[in-house]
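The structure appears below as structure tokens.
The values are calculated or read from the model by the stated rules, or taken from the named source; none is laboratory data. Not measured: the values here are computed from a predicted model. Note: ideal-geometry Cβ built from the backbone for every residue, glycine included; neighbour counts use all protein chains shown. Side chains are part of the model used for accessible areas, which takes the heavy atoms of the whole protein and leaves out ligands, DNA and RNA. Shrake-Rupley method; radii C 1.70, N 1.55, O 1.52, S 1.80 Å.
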Amino acid sequence: MSTSVLPDSKPGLGTAAKALLTLVAVAWIAWVAFLLFRATNKTDEERVSKRVENLAKLNEANVKKLSSYAWIDKAKGTVQIPIDRAIDLTVADLKDRVPVKAGPISTPAPAASPAAVSPVPSAEGQAPSPTVPAP
């Protein structure tokens, strides 16, 4: 058995250059990722501020509709009333009604099925089967 012993060798200039190049590449990738992340966050902050503004406008419109009187359609006589008043009117209307038992739910009648066509062809010279629909 022979044992081989590697000679002591010091890293050369090529090894140092490879290590330096790898370090520079990793730093460049990290810098690019940082710039992309920062740009994405700025865009997200703009979207958030627009959404908050839109939500505030929507809430303001909802409060106005829920707390004011207005005409929806004068020709049909449809009006908008405050939600508190609508609840009071509905409760008063439902208080006077007596609940009734619901009847059975009727199911629709099944659709008429097309006439069955005989899978066996008729013999030559014979009249077609009565189950075959006319053309």
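Just a few scattered comments:
- Residue in segment 37-58 that is under 30 Å from A86 (Cα atoms), out of contact with any strand residue (DSSP E or B) (no Cβ under 9 Å at 6 or more places or on another chain), among the basic types (K, R) and in a helix (DSSP H, G or I) present: yes
- Filtered residues of segment 59-76 (kept if open to solvent by less than 90 Å² (accessible area, probe 1.4 Å) and either over 15 Å from A86 (Cα atoms) or touching a Lys or Arg at 6+ places or on another chain (Cβ under 8 Å) (or both)): N59, A61, N62, D73
- Matching residues in segment 77-109 - criterion: being open to solvent by less than 60 Å² (accessible area, probe 1.4 Å) and not polar (S, T, N, Q): G77, I81, P82, A86, A92, G103
- Which numbered condition T43 fails, given (1) at pLDDT 95 or above; (2) open to solvent by less than 100 Å² (accessible area, probe 1.4 Å): (1)
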